[in-house]
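Engineer: Have a look at this one.
The values are calculated or read from the model by the stated rules, or taken from the named source; none is laboratory data. Note that this is a predicted model, so its numbers are computed, not measured. Cβ placement follows ideal geometry from the backbone for every residue including glycine, while neighbour counts extend to all protein chains displayed. Surface accessibility is based on the protein's heavy atoms, side chains included, excluding ligands, DNA and RNA. Shrake-Rupley method; radii C 1.70, N 1.55, O 1.52, S 1.80 Å.
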There are 2 protein chains.
Amino acid sequence: MRIAQIAPLFESVPPARYGGTERVVHWLTEELVAMGHEVTLFATGDSRTSAKLVPVRATAERFQRNFERNNAPYARMIELVARQADDFDVLHCHIDFHPFSVFSRLRTPFLTTLHGRLDQDWVPSIYRLFPEVPLVSISDSQRRPEPGLGWAATILHGMPERILTPVPAHQDYFAFLGRISPEKGIEPAIRIAAACGVKLKVAAKIGEEDAPYHEEVVAPLLQGDAVEFIGEIDDGQKPALLSGAKALLFPIDWPEPFGLVMIEAMACGCPVIAFGRGSVPEVIEDGVTGFIVDNVAGAVAACARLGEIDRAGVRARFEQRWTARRMARDYVALYERLVAARTPGSRRDFAPVGR
Amino acid sequence: MRIAQIAPLFESVPPARYGGTERVVHWLTEELVAMGHEVTLFATGDSRTSAKLVPVRATAERFQRNFERNNAPYARMIELVARQADDFDVLHCHIDFHPFSVFSRLRTPFLTTLHGRLDQDWVPSIYRLFPEVPLVSISDSQRRPEPGLGWAATILHGMPERILTPVPAHQDYFAFLGRISPEKGIEPAIRIAAACGVKLKVAAKIGEEDAPYHEEVVAPLLQGDAVEFIGEIDDGQKPALLSGAKALLFPIDWPEPFGLVMIEAMACGCPVIAFGRGSVPEVIEDGVTGFIVDNVAGAVAACARLGEIDRAGVRARFEQRWTARRMARDYVALYERLVAARTPGSRRDFAPVGR
């Protein structure tokens, strides 16, 4: 198939470091190319891809306090895609609602994977205008605030089978991996490790917005030997961290739409002890790849049961359920369904619609 | 005519206080209604208008550190307008490039008044994709960085004749009105007043982004009796400030696209001493409504010549050149030109274009 992948423009594809959406777009694009599809990636010029790259802006540029500056590359991308839409069988967007007005009036079918949470107050004002736009949720739980939208499928993320693999290690600490923020649960993670008398290694980014929280709340908790703060790490450092961890602690305090770090842990055979919010019950198999708990006490109890988990079995489940190839196959099946449903003449005209 | 006015959504129309674009949209809308046109205003729900209001979001909300939150109301507005575009003879946009992809493919002609500067690095990346979109510049100088765009007219701003009028006063100070920022020239204004031995009254907003500049650079200059800082003022306070001022000081350090404060001063009969950048030579008539100078020394020399300016003559020039009625007539003439040029079948199709 001739597939356009339309990526966010605040990060490159793949992202230099932290950036879940851009990593998934990268993995999906690489798999689709490997499967023989003709893929064009609309992304920043500093992206790396096996697909044909259309560089929409020269380099990734973070969010700025300037509405036009943030938007100009997105408006440019949408117009560039629209002008060559007839060259594609399907347009796969990862930029939320931005292209809906234009793309819903094109001949070429398009779909949008939503990568974020939908429980925010502004969401209905825009998404409910477009109940016919095909959407992909990255977990069933992600849909909950907006069940009436045009949900076409839930496609759980996957990652390349060989990026992260287990390395020999003695497990003598817990790991926390991701971002320092209240919703990612760094505080309960520290409390769980302390209650278990196990050291916690924290490999996490401190974002600009989370810096005050880190300084006021988290930094004081990092004193002493019980917690080791490593900072942001890249994929090369993850196998050692995760292979050496008794478990990844994922005591989230928000409706996590997916949570890539859980499958990263599984890739290294590392079980996950997670609070059962958001996507967690769809990603973790309780007692097989980790434990789903309600609170700190539940997590401490689960830690005592980690011996029941077979780390080789965790890796095996990763290979069965969480590879990028499985994800790409799921997407191709959906692309084919959308193309088949697009009968000639079904294109929405530009005359008044939806009133 | 059936006219849609499409306003920014970070401020209401008119704005609560500072906000040049929203004030102009308000004045234009009111004049068009007064002239008998059927006007629909797409704006925030807390806007006040004689036109039919389509409230796109409930209330104005300032720029947030959230890309989707900032954009959702704009995406919503563009879709709402597109769905009823056939009900209008012309769509008049004040939201930069945002609607270009959608509106350039509608049957109804549209135009965009650009309210900002065009000398920024991201401008070519988006505007040059749309050389056929009719644009209105608010001064000829505004066009300079991008002469190749689809410029349809320059229409200088105007304001309602009776909003600001001269009040009896003895003139014994200079006025600075607007915003504390390096580009608006508060520092040279203070130096000019000091060199003339005349008190300076500063009625200005301190924006969030300009707060550090104010604290570090400007606040120390406001000590003592030579400068009186009044803060942000509304239209009710402007006649007294401007009628009592020997001159408005406008020593800008940027390519001001228009500069409403100059015509506010003229409305009160107050001459303007301005640095000759941006729109200034198009707005100020040297020796008639003020003096155009190059630097602080030039401004000080001009102050000595203020006696040559007839304040009643300044007001008369305002009434001749700078009313909202004149501005609205200019726009209606352009609307009629665009409607006449739109021959049936000239609508751009959604097939590949512009390649």
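Engineer: Out of B:Ala58, B:Ala72, I need the residue that is aliphatic (A, V, I, L, M), over 18 Å from the mean Cα position of the chain (by Cα) and crowded, with 22+ Cβ neighbours inside 10 Å. Which one?
Structural biologist: After applying the criteria, what remains is B:Ala72.
Engineer: When the residues of segment A:86-107 are filtered to those that are free of Cβ contacts under 8 Å to residues at least 60 places away in the same chain and of a type outside the set (Phe, Trp, Tyr), which remaining residue is nearest to A:Asp140 (Cα to Cα)?
Structural biologist: Only one residue fits best here, namely A:Asp96.
Engineer: Of everything in segment A:155-176, what is in contact (Cβ under 8 Å) with a residue 24 or more places away in the chain and open to solvent by 20 Å² or more (accessible area, probe 1.4 Å)? Give them in sequence order.
Structural biologist: Residues satisfying the conditions are A:Leu156, A:Pro160, A:Glu161, A:Ile163, A:Thr165, A:Pro166, A:Val167, A:Pro168, A:Ala169, A:His170, A:Gln171, A:Asp172.
Engineer: Any residue that is within 10 Å of chain A (Cβ to nearest Cβ) and open to solvent by 50 Å² or more (accessible area, probe 1.4 Å) - is there at least one of those in segment B:90-102?
Structural biologist: no
Engineer: Oh, and also: If you check every pair at least six apart or on different chains, which have Cβ atoms under 6 Å apart with a residue in segment B:257-272 that is modelled with pLDDT of 95 or more first and a residue that is of a type in the set (A, V, I, L, M) and open to solvent by 10 Å² or more (accessible area, probe 1.4 Å) second?
Structural biologist: B:Val261/B:Leu177; B:Pro271/B:Ile309
Engineer: Can you pull out the residues in segment B:234-250 that are in a loop (DSSP other than H, G, I, E, B) and over 17 Å from the mean Cα position of the chain (by Cα)?
Structural biologist: Residue satisfying the conditions is B:Gly244 alone.
Engineer: Look at segment B:191-232 and say how many of its residues are hydrophobic (A, V, I, L, M, F, W, C) and open to solvent by 20 Å² or more (accessible area, probe 1.4 Å).
Structural biologist: 13
Engineer: While we're on this one: All but one of (1) within 20 Å of the chain's Cα centre (by Cα); (2) surrounded by 16 or more Cβ atoms within 10 Å (Cβ to Cβ); (3) at pLDDT below 95 hold for B:Phe63; which doesn't?
Structural biologist: Unmet for B:Phe63, out of (1) within 20 Å of the chain's Cα centre (by Cα); (2) surrounded by 16 or more Cβ atoms within 10 Å (Cβ to Cβ); (3) at pLDDT below 95: (2).
Engineer: Condition first: in contact with a helix residue (DSSP H, G or I) (Cβ under 8 Å, 6 or more places away or on another chain), assigned to a loop (DSSP other than H, G, I, E, B) and within 20 Å of B:Pro99 (Cα to Cα). Now tell me which residues in segment A:123-142 satisfy that.
Structural biologist: Residues satisfying the conditions are A:Leu129, A:Phe130, A:Val133.
Engineer: Something else: When you go through A:Glu11, A:Glu79 one by one, which is the residue that is within 14 Å of chain B (Cβ to nearest Cβ), surrounded by 24 or more Cβ atoms within 10 Å (Cβ to Cβ) and without any contact (Cβ under 8 Å) to a residue 60 or more places away in the chain?
Structural biologist: Result: A:Glu11 is the single residue among A:Glu11, A:Glu79 that is within 14 Å of chain B (Cβ to nearest Cβ), surrounded by 24 or more Cβ atoms within 10 Å (Cβ to Cβ) and without any contact (Cβ under 8 Å) to a residue 60 or more places away in the chain.
Engineer: While we're here: Can you tell me how many residues within segment B:33-77 are within 22 Å of B:His98 (Cα to Cα) and in a helix (DSSP H, G or I)?
Structural biologist: Number of matching residues: 11.
Engineer: Return only the number of the condition from (1) assigned to a strand (DSSP E or B); (2) open to solvent by 30 Å² or more (accessible area, probe 1.4 Å) that B:Leu111 does not satisfy.
Structural biologist: Status for B:Leu111: all satisfied but (2).
Engineer: If A:Ile190 satisfies every condition in (1) assigned to a helix (DSSP H, G or I); (2) more than 23 Å from A:Asp294 (Cβ to Cβ); (3) free of Cβ contacts under 8 Å to residues at least 60 places away in the same chain but one, which is the exception?
Structural biologist: For A:Ile190, the exception is condition (2).
Engineer: Within segment B:140-158, restricting attention to residues that are small (Gly, Ala, Ser) and in contact with a Pro (Cβ under 6 Å, 6 or more places away or on another chain), which residue is farthest from the other protein chains (Cβ to nearest Cβ)?
Structural biologist: That would be B:Ala152.
Engineer: Checking the condition within 13 Å of chain B (Cβ to nearest Cβ) and under 26 Å from A:Asp235 (Cα atoms), which residue from A:Leu118, A:Leu114 passes?
Structural biologist: After ruling out the rest, the residue left standing is A:Leu114.
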